[in-house]
Ligand code: DP6
């Protein structure tokens with residue numbers, strides 16, 4: 001017999017960034033963060049997990065290619081989930097798995113991203129959230145989404161925020177065992193549904209410095225990062241929660257753009273410096289800043305993660321349409337580009 005579960009998890013984009021760990025193995029951050037979860041029909045991971053007595057070992061395929069499961073992060077997630085597994089019964093198929101059987105059963109995991117892996121579009125966030133959620137369903141865990149988020153966190157910090165839709169806060173927590181470092185839903189996706197997210201894929205190439213090693217270098221070498229974590233972010237978290245609750249776009253845009261810029265400033269303050277944005281990213285920032293200033297009130301917020309791709313949040317659909325027109329005007333697609341998915345500044349997609 002074989003038992004299967006499929007789940008789909010969208011990625012999330014931080015508007016107040018997580019950058020820096022106080023505990024590397026448990027993945028505990030030096031500051032709280034806030035993100036927006038994207039619509040599941042766009043950037044998401046789909047994962048199918050299966051269990052069968054005929055499986056000889058745990059195995060995983062990512063986008064059709066087998067990958068090693070020996071990494072500590074996969075193992076932490078698998079261990080945490082297995083230790084909480086419960087009895088499973090599928091009457092139709094005549095399958096009965098007792099709690100204690102899970103120790104000797106192996107799982108196969110097949111995961112697909114519908115967007116470039118590791119190009120700074122938070123693929124690890126959707127990936128680990130989906131892995132943890134689908135395994136938790138397969139093994140019939142009784143934990144709620146918040147408790148599952150603390151397990152997903154051990155796969156990749158940002159993954160904990162993808163267990164909920166809408167705006168989500170990852171509370172950094174205080175406990176040394178990480179039990180209170182988990183995601184908390186702030187408002188659901190219906191709360192502020194006029195917002196439109198536009199992503200300009202500036203480059204689909206894999207980023208040069210992974211978030212994990214980049215933030216490790218920052219914590220060790222940047223004098224700015226401690227000031228950011230202790231003095232700046234705690235205030236911004238409170239202001240951002242209020243802006244989201246009041247649907248106050250001006251404050252929201254101001255905080256998102258400032259926080260993205262401070263995150264990249266901290267990267268530049270790292271030794272050796274980390275450059276995630278490129279000239280095209282900088283041109284997009286100038287375009288949005290000029291437009292916002294000429295309107296007198298912000299129309300679009302921008303934020304950049306660990307890569308050059310721009311995530312822009314328009315205050316409504318009309319603004320999003322104008323934004324797309326402006327982008328097409330400033331970055332005309334090459335004659336041979338595929339207009340449905342053309343990449344600004346890099347024709348490799
Ligand atoms: C810039 O969650 O990918 O996207 O915990 O080491 O796996 P690890 O890092 P990761 O870092 C994400 C960093 C960021 C900001 C954010 O998502 O908050």
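State which residue is surrounded by the most Cβ atoms within 10 Å (Cβ to Cβ) when the search covers only segment 62-72 and only residues that are part of a strand (DSSP E or B) and over 20 Å from the mean Cα position of the chain (by Cα).
Ranking the qualifying residues of segment 62-72, first place goes to 67.
Can you confirm whether segment 73-85 contains a residue that is surrounded by 20 or more Cβ atoms within 10 Å (Cβ to Cβ) and more than 29 Å from residue 167 (Cα to Cα)?
Yes, segment 73-85 contains at least one residue that is surrounded by 20 or more Cβ atoms within 10 Å (Cβ to Cβ) and more than 29 Å from residue 167 (Cα to Cα).
Right, residue 149: free of Cβ contacts under 8 Å to residues at least 40 places away in the same chain and buried (at least 24 other Cβ atoms within 10 Å of the Cβ) or not?
Yes: the conditions hold for residue 149.
Listed residues 136, 159; which is at pLDDT 95 or above, away from the ligand (no atom under 12 Å from the Cβ) and surrounded by 20 or more Cβ atoms within 10 Å (Cβ to Cβ)?
136
Which residue is nearest to the ligand (Cβ to nearest atom), if the candidates are limited to segment 140-156 and must be touching a helix residue (DSSP H, G or I) at 6+ places or on another chain (Cβ under 6 Å) and farther than 20 Å from residue 186 by Cα?
In this case the residue turns out to be 156.
For residue 169, all conditions in the list (1) within 16 Å of the ligand (Cβ to nearest atom); (2) in a helix (DSSP H, G or I); (3) touching a residue at least 40 places away in the same chain (Cβ under 8 Å) hold save one; what is the number of the exception?
Every condition holds for residue 169 apart from (2).
Among (1) without any contact (Cβ under 8 Å) to a residue 12 or more places away in the chain; (2) under 13 Å from the mean Cα position of the chain (by Cα), which single condition is residue 183 missing?
All conditions are met except number (1).
Determine which member of the set 181, 176, 213 is surrounded by fewer than 19 Cβ atoms within 10 Å (Cβ to Cβ) and within 14 Å of the ligand (Cβ to nearest atom).
213
The rows are residues; the columns are (1) surrounded by fewer than 21 Cβ atoms within 10 Å (Cβ to Cβ); (2) away from the ligand (no atom under 11 Å from the Cβ); (3) over 19 Å from residue 233 (Cα atoms).
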residue	(1), (2), (3)
5	yes, yes, yes
15	no, no, no
21	yes, no, no
24	yes, no, yes
29	no, no, no
33	no, no, no
40	yes, yes, yes
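Evaluate segment 226-240: report whether one residue or more is modelled with pLDDT of 95 or more and under 30 Å from residue 325 (Cα atoms).
Yes; the residues of segment 226-240 include at least one that is modelled with pLDDT of 95 or more and under 30 Å from residue 325 (Cα atoms).
Taking only pairs six or more apart or across chains, which ones have beta-carbon atoms under 6 Å, a first residue in segment 215-230 that is closer than 8 Å to residue 270 by Cα, and a second residue that is loosely packed, with under 14 Cβ neighbours inside 10 Å?
221/271
Please find, within segment 114-127, the residue that is farthest from the ligand (Cβ to nearest atom) out of those that are modelled with pLDDT of 80 or more and in contact with a strand residue (DSSP E or B) (Cβ under 9 Å, 6 or more places away or on another chain).
So the residue we want is 114.
Considering only residues of segment 184-202 that are within 16 Å of the ligand (Cβ to nearest atom) and part of a loop (DSSP other than H, G, I, E, B), which is surrounded by the fewest Cβ atoms within 10 Å (Cβ to Cβ)?
Per the stated criteria, the residue is 201.
The values are calculated or read from the model by the stated rules, or taken from the named source; none is laboratory data. If you're wondering where the values come from, they're calculated on a predicted model, not measured in any experiment. A quick note on method: Cβ atoms are made from the backbone with ideal geometry, for glycine too, and the neighbour counts reach across all protein chains shown.
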